[in-house]
């Protein structure tokens, strides 16, 4: 029975049922009663005591996903226990393999992993993970200036028709400077990541078993501005970003083209300061859904052209000003600029709120 019910602090309710469900999970995998061989009077006292917070020992063979479920069901605060509908949705997404007890080899392998590694710290910023681990409620946070990035695989829908579900993926989202320690390089980090992503994707076959499908092609976009972050959900908490910056970054991606990196004027100005070694070219005015016309820019690496003398030999750099005026960026709005349209419309443009996947914060 749930500790709050045993203490007489609560009537029996659905939260008590969820606690009991966690005990049932223990019995399924342990194949024995909880607290077997222990003094039950002492056990109940420790179960009721919030400081002791005694719970059954997790069976070694219990799969990782069910370990997390059991621990959440046993939360000392009923507020943090999952609801029945949450459990139902979670189990519907699981496969039979997810529920299989671990083999001896798998148990041994899990024991070899560092005990200090906590999945929360791989998904959330440290202060958020600390709060969740302590069972505290996380409040929304405002971030003055971050850079939000989106990428998408070109012709993903056509690719998915020709491949099995285990072989396909789709969009990616990333963000820098959420922790406020990348003030001087958050746009630079995103731009350099985007360049590496485009280059790496162009070397990956769509399907190794069908090389005729060619190589992965992606389009990228990013924008800088303020966002609000918060934790979404209790059973499977996710880190979500909210705000116009997220939508604008998504539009930069959806109005980009294959193999190109597209950004807003605000990001381009910041990038000129943070990464002058990159090439920033004005695209012009683009019709952006929900925003109207925006002046946007393409990002790429500067060409590594060699200077040659009249005999065709490499010439030394001239003295004085080496500025390449062809790479100059004009941030002034030119009324005579032609209106550029998106060449490849988004298949699934992201909307606020946006969620960051567990390995990509």
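The values are calculated or read from the model by the stated rules, or taken from the named source; none is laboratory data. Remember, predicted model here, so these are calculated numbers, not experimental data. Positions of Cβ are backbone-derived with ideal geometry, glycine not excepted, and every protein chain shown enters the neighbour counts.
Scanning segment 1-55 for residues being more than 30 Å from residue 100 (Cα to Cα) and either without any contact (Cβ under 8 Å) to a residue 60 or more places away in the chain or surrounded by fewer than 17 Cβ atoms within 10 Å (Cβ to Cβ) (or both) gives a total of 21. When residue 31 is tested against the conditions (1) within 30 Å of residue 177 (Cβ to Cβ); (2) modelled with pLDDT of 90 or more, the lone failure is (1). At least 2 residues being under 24 Å from the mean Cα position of the chain (by Cα) and at pLDDT below 95 is the threshold, and among the strands (runs of 3 or more DSSP E) wholly inside segment 243-361 those reaching it are 354-356.
Evaluating residue 93 against the criteria (1) loosely packed, with under 11 Cβ neighbours inside 10 Å; (2) under 30 Å from residue 4 (Cα atoms); (3) at pLDDT below 90 leaves one unmet condition, (2). Kindly establish whether residue 227 is modelled with pLDDT of 95 or more, buried (at least 19 other Cβ atoms within 10 Å of the Cβ), outside any helix (DSSP H, G or I) and under 26 Å from the mean Cα position of the chain (by Cα). When the stated conditions are applied, residue 227 passes them.
Given the criteria assigned to a loop (DSSP other than H, G, I, E, B), under 28 Å from residue 138 (Cα atoms) and at pLDDT below 90, does residue 56 qualify? Criteria not met by residue 56. Here residue 232 meets each of (1) at pLDDT 90 or above; (2) closer than 30 Å to residue 84 by Cα with one exception, condition (1).
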